[in-house]
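Since the structure comes first, as structure tokens, the remarks are kept for the end.
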Amino acid sequence: MKQTLILAVESSCDETAVAVVADGKEILSNVVATQIDVHKEFGGVIPEVASRIHVENISMVIEEALHKANVVMEDIDAVAVTQGPGLVGCLHIGVQAAKTLAWAFHKPLVPVHHIAGHIYANRLITDLKFPLLALVVSGGHTELVYMKDEWSFEILGTTQDDAIGEAGDKVGRVLGLPYPGGVYVDKIAKEGKPMYKLARPKTENPMDFSFSGLKSSVLQFIDRCKRKNETFTAADLAASYQETAFGALLERAEYALQKYHPAQMVLAGGVAANSCLREKVEKGLAEKYKDIEFIIPPLSCCTDNAAMIAVAGYIAYTHGVRGDFDLTADPGIELEEAAQSHA
Ligand code: KG4
Ligand code: ZN
């Protein structure tokens, strides 16, 4: 039987990415043009700069993805694109490119929610089993998502303020580490011990998250040390931050596991690349709940890429999700809403 080929475009933040994936499983190509080196100079993503670079890169990345997959547009069954959430100017470039391709080659257009992409990245590793619990941890999101069945999403808890990735990047910045801070906090924490006491995140709903108090607690700790002329070890502070932040993640995930008894639990999003979090899930959850299958995706599947959008796009396509040519980028789109079929 002929495979279903999805070409997907992802441009929600600082990666211009295009992939071709067969049957939502087999990667034929997965091209990512990252802007990290540019944003490093500014210590963070400047949205206007990011959009500008997407415009410069997008055509080349599309061509390369088709070339590497050894296909032409005529072979593609549908064009998927991240509609949101993300930076509006950045999303806009991807949506325009995808609409143009769909229109010019008479292909169905499939809008995809970025978080659905992060969750479905795990389908590149293994078959997903439902009910499924996803712990989504990225630069913009911290969510516990329950999927009773394929392509059904229920948000059990979300962050009340900062996303975990954002908090990690901020902690990295105050420690004088390069962008993206979370990656370097992970690196230096390996040499440190979690010996400093920081504010533990508190939330009303046991499955919600909050990281701004913890972030402030790190800032106050550094200020206090400076004021009192006391020294502290950056590695120990990084380790203490990670211990507190990921401890909070695990507590909430465990609460959801006990309440919902999923068949599978997956990690998703950029922060899933964190070595401390991966170890905590392995030792703190997987070894304890042996009747649940835990999927910790390889690092390449964690951070933004278009293969994950192609996989979610394939599932959306088979569920009848379609976008028309007045589709626009939607930076605030909700996951549950995005899963609905479009006319
Ligand atoms: O999923 P992603 O690529 O983009 C969004 O959808 O936001 O996640 C990016 C985030 C950044 O905050 C980055 O610092 C964080 O993921 N990240 C990490 C690690 N690798 C990426 N945070 C902690 N440890 C890591 N190893
Ligand atoms: Zn992402």
Original post:
Does LEU267 satisfy the criteria of being within 16 Å of ligand 2 (Cβ to nearest atom), within 20 Å of PRO206 (Cβ to Cβ) and not in a helix (DSSP H, G or I)?
Top reply: yes
Original post:
Quick one: how many residues across region 308-343 are within 23 Å of PRO131 (Cα to Cα) and either in a helix (DSSP H, G or I) or of a type in the set (A, V, I, L, M) (or both)?
Top reply: 17
Subject >> Filter result (within 16 Å of ligand 1 (Cβ to nearest atom), surrounded by 15 or more Cβ atoms within 10 Å (Cβ to Cβ) and of a type in the set (Val, Ile, Thr)) within region 19-42 >> reply: VAL31, VAL32, THR34, VAL38
**OP:** Give, as residue ranges, the helices (runs of 4 or more DSSP H) completely inside region 92-199 that count at least 1 residues that are among the aromatic types (Phe, Trp, Tyr) and away from ligand 2 (no atom under 16 Å from the Cβ).
**Re:** 181-189
Subject >> Checking LYS288 against (1) farther than 20 Å from LEU267 by Cα; (2) not assigned by the TED database to the domain that holds VAL61, the condition it does not meet >> reply: (1)
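Listed here are the residues, each with its yes/no results for (1) at pLDDT 95 or above; (2) in contact with a helix residue (DSSP H, G or I) (Cβ under 8 Å, 6 or more places away or on another chain); (3) farther than 23 Å from ALA253 by Cα.
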{"position": "VAL72", "(1), (2), (3)": "yes, yes, yes"}
{"position": "VAL81", "(1), (2), (3)": "yes, yes, yes"}
{"position": "GLY84", "(1), (2), (3)": "yes, yes, yes"}
{"position": "HIS113", "(1), (2), (3)": "yes, yes, no"}
{"position": "ALA116", "(1), (2), (3)": "yes, yes, no"}
{"position": "ASN122", "(1), (2), (3)": "yes, yes, no"}
{"position": "THR126", "(1), (2), (3)": "yes, no, no"}
{"position": "PRO131", "(1), (2), (3)": "yes, yes, no"}
Subject >> In region 166-199, the residues that are among the charged types (D, E, K, R), in contact with a helix residue (DSSP H, G or I) (Cβ under 6 Å, 6 or more places away or on another chain) and over 13 Å from GLU243 (Cα atoms) >> reply: ASP169, LYS170, ARG173, GLU191
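Here's the yes/no breakdown for (1) more than 13 Å from ligand 1 (Cβ to nearest atom); (2) closer than 18 Å to ALA121 by Cα:
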position	(1), (2)
LEU285	yes, no
THR303	no, yes
PHE325	yes, no
THR328	yes, no
GLY332	yes, no
ALA338	yes, yes
Subject >> In region 270-296, the residues that are without any contact (Cβ under 8 Å) to a residue 60 or more places away in the chain and in a strand (DSSP E or B) >> reply: PHE294
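The values are calculated or read from the model by the stated rules, or taken from the named source; none is laboratory data. Just so it is clear, the structure is predicted and the values come from calculations on it, not from any experiment. Note that we place each Cβ from the backbone using ideal geometry, even for glycine, and neighbour counts take in every protein chain shown.
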